[in-house]
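Student: First, the structure itself, so that you have it in front of you.
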Amino acid sequence: MAVPSLFETTTLGPMTLKNRLWRSATWEKMADDTGHMTPELQAVYEDLARGGVGTIITGYAFIREEEQPNAGMMGIYDDSFIAEYKTFTDRIHELGANIVLQGCYGGSQTDFKPEGRLIWGPSAVEHPVFKVTPEPMSHEDIMALIDSYAQAARRAKAAGFDGFQIHGAHGYLLSQFLTPYFNRRTDEYGGPIENRARIIYEVLDAIRKEVGPEYPVLIKIHSTDEWGAQGLTPEESVLVAKELEARGITALELSGGHLSKDPSTLPIKPKIINENNQSYFREPAAMIAEAVEVPVILVGGNRSVAVLENILGSTPIKYFSFSRTLLSEPDLPNKWQQGSNDRPRCVSCNRCWGKDKNMCILDRKNEE
């Protein structure tokens, strides 16, 4: 049997992937105030496509016009985006990369104009970091949200994106439904994991009705919240992954963690120069990958070819995605394929999240 390679061609549904490297959804903070593309944002994606990554997942796009959790996000809340995104996706394809749109509803994990707007949540639980208390969702609200995801996916397909990714991770609304700390409901959407995950299953079912059985629909979800009894556990994540597979998910991107004062629990962990600290969700992600047949994409601290090749050869994990690393060095995949063994430029300082736009601090200094 041939040894798998990071740089071999594979297929995922109708998509052909020129390598196993993905750019994970990253908030660039460069869209305009209504979520539409800007030349600066398009240039970021063109650099990624030229840089050699096989598949790009966009920064999260808000799916309801009145609910924008952060500034400078892309939007996908109405049909006005379809034509401009079609021009955009055509360009990325010309440059040799696939591109997938990620859709998101933020919820209480926000400090962007929270006053005076309706913010939904599974329960009226104050966010421990942002101190925002959401409005508990009614059944009617849940149905409206599900339809918003389905219409967003329809628009993504019409706009030429190679797939649509549901954002079910990192403390945003769908992730909160999965997490006992935030989800205190006593109806069919709360309690055991089968109920807490129900909204995600229904989102996937509604999307499939809009885009059909073949169009790639992915989800970003936690392998573990790293939060004990207050969070989603790896064992619960296995159950969710199996049910998503049964309902037609195309691939699972597995992340984890939660926001707290302890850096070790963050989804984007700092100080991971040492290879032993990298690819930090590999163990729970591998456990989930063992339980399903659909491909698993590992995200979180991926930055060493040797580590990634070891994971690829010793676990069922098939793909690897990158955020901070490609924010700093979009041509890293090309360098790796050309045999570079240099450490990535990114040192995981987590200082790429700026007041005006999100970019590597080394580039920010060059702009000053």
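The values are calculated or read from the model by the stated rules, or taken from the named source; none is laboratory data. Just so you know, these numbers come straight off a predicted model, no measurement behind them. Here the Cβ is made from the backbone with ideal geometry for all residues, glycine too, and neighbour counts use every protein chain on show.
Student: Among the residues of segment 239-262, which ones are surrounded by fewer than 19 Cβ atoms within 10 Å (Cβ to Cβ) and either part of a strand (DSSP E or B) or at negative phi (or both)?
Tutor: Scanning segment 239-262 gives 239, 242, 243, 245, 246, 247, 259, 260, 261, 262.
Student: Further, regarding this structure: Can you tell me which condition residue 214 does not meet? The list is (1) assigned to a helix (DSSP H, G or I); (2) surrounded by fewer than 18 Cβ atoms within 10 Å (Cβ to Cβ); (3) of a type in the set (Asp, Glu), and all the others hold.
Tutor: The number of the failed condition is (1).
Student: Residues being farther than 22 Å from residue 94 by Cβ and in contact with a strand residue (DSSP E or B) (Cβ under 8 Å, 6 or more places away or on another chain): count how many of those fall in segment 1-19.
Tutor: Qualifying residue count, segment 1-19: 1.
Student: Also: Output the residue which, of all residues in segment 266-310 that are within 17 Å of the chain's Cα centre (by Cα) and among the charged types (D, E, K, R), is farthest from residue 326 (Cα to Cα).
Tutor: 282
Student: Taking into account only those residues within segment 340-363 that are more than 17 Å from residue 269 (Cβ to Cβ) and of a type in the set (S, T, N, Q), which is surrounded by the fewest Cβ atoms within 10 Å (Cβ to Cβ)?
Tutor: 341
Student: So which residues in segment 305-331 are surrounded by fewer than 19 Cβ atoms within 10 Å (Cβ to Cβ) and hydroxyl-bearing (Ser, Thr, Tyr)?
Tutor: Selection gives 314, 315.
Student: Turning to a different aspect of this structure: Which of the residues belonging to segment 300-319 are assigned to a helix (DSSP H, G or I) and out of contact with any Pro (no Cβ under 8 Å at 6 or more places or on another chain)?
Tutor: 305, 306, 307, 308, 309, 310, 311, 314
Student: Given the criteria part of a loop (DSSP other than H, G, I, E, B), at pLDDT 95 or above, crowded, with 20+ Cβ neighbours inside 10 Å and of a type in the set (A, V, I, L, M, F, W, C), does residue 297 qualify?
Tutor: Judged against the criteria, residue 297 is not a match.
Student: Check off (1) polar (S, T, N, Q); (2) in contact with a Phe, Trp or Tyr (Cβ under 7 Å, 6 or more places away or on another chain); (3) surrounded by fewer than 19 Cβ atoms within 10 Å (Cβ to Cβ) for residue 223 and give me the number that stays unchecked.
Tutor: Failed condition: (3).
Student: Of the residues that sit in segment 247-296 and are without any contact (Cβ under 8 Å) to a residue 60 or more places away in the chain and polar (S, T, N, Q), which one is farthest from residue 194 (Cα to Cα)?
Tutor: Selected residue: 274.
Student: Filter segment 208-246 down to residues that are charged (D, E, K, R) and in contact (Cβ under 8 Å) with a residue 60 or more places away in the chain and give me whichever is farthest from residue 161 (Cα to Cα).
Tutor: It comes out as 220.
Student: For residues in segment 177-211 being in a helix (DSSP H, G or I) and touching a Gly at 6+ places or on another chain (Cβ under 6 Å), which is nearest to residue 125 (Cα to Cα)?
Tutor: In this case the residue turns out to be 200.
Student: State whether the residues of segment 306-324 include one that is closer than 16 Å to residue 54 by Cα and of a type in the set (Val, Ile, Thr).
Tutor: no
Student: Looking at the structure I just gave you, is residue 286 touching a Ser or Thr at 6+ places or on another chain (Cβ under 7 Å) and part of a helix (DSSP H, G or I)?
Tutor: yes
Student: Restricting to segment 92-137, give me the number of residues that are closer than 23 Å to residue 28 by Cα and within 22 Å of the chain's Cα centre (by Cα).
Tutor: Residues flagged as closer than 23 Å to residue 28 by Cα and within 22 Å of the chain's Cα centre (by Cα) within segment 92-137 amount to 22.
Student: Here is a list: 334, 274. Which entry is modelled with pLDDT of 95 or more, surrounded by fewer than 21 Cβ atoms within 10 Å (Cβ to Cβ) and not charged (D, E, K, R)?
Tutor: Only one candidate passes the filter, namely 334.
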